[in-house]
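For reference, the structure is listed below as structure tokens.
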Amino acid sequence: QLQASGGGLVQAGGSLRLSCAASGRTFSRYTVGWFRQASGKEREFVAGVTWGGGSTYYADSVKGRFAISRDNAKNTVYLQMDSLKPEDTAVYSCAARAPLWSAVSAIENEYDYWGQGTQVTVSS
């Protein structure tokens, strides 16, 4: 089970850190991704991190501004979001891929476990 938190209202240029907390002793074996869905738009991939944290991937729109990391001892994946823009406004959700030791995928259908979303609103 995954639970996302940390969203809120922030001015453009500001920062937020999202957390995705997981239950279960095998969390360290799961690749995790962050996705977002803006109002009226399809859900899109934001960032992903492999099970051991050794590889990270980002959508072009967030490269250089967002950073994904994980602390397996705390069963938590983080998404540090800096230099936020109004177009980053969306509901952000975290998800895990069921096959253990998986690579990161940008395709939402390849993720099997989803947490509830957390709203991020960036004002101009």
Between ALA12 and ARG25, what length comes free when the chain is fully extended (0.36 nm per residue of separation minus the Cα-Cα distance, one decimal in nm)?
0.9 nm
Sequence-distant or interchain residues sharing an amide H contact under 5 Å with TYR113, placed H: which?
ALA96, ALA98
Going Cα to Cα from LYS41, which lysines come in below 30 Å? Please leave out same-chain ones fewer than 8 positions away.
LYS63, LYS85
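Could you pull out the trypsin sites (Lys or Arg not before Pro) across the stretch 40-102 that fall in loop regions by DSSP (anything but H, G, I, E, B) with no more than 12 other Cβ atoms inside 10 Å?
Values: sites: LYS41, ARG43, LYS63, ARG65, ARG70, LYS74, ARG97; in loops: LYS41, ARG43, LYS63, ARG65, ARG97.
Here the sparse-neighbourhood loop sites are LYS41, LYS63.
Each reported figure results from applying straightforward, stated rules to the coordinates on display, with no laboratory input. What you see is a predicted model, and the numbers here were worked out from it, not measured in a lab. Because the Cβ atoms are built from the backbone with ideal geometry, glycine has one as well, and the counts that use them run over all protein chains shown.
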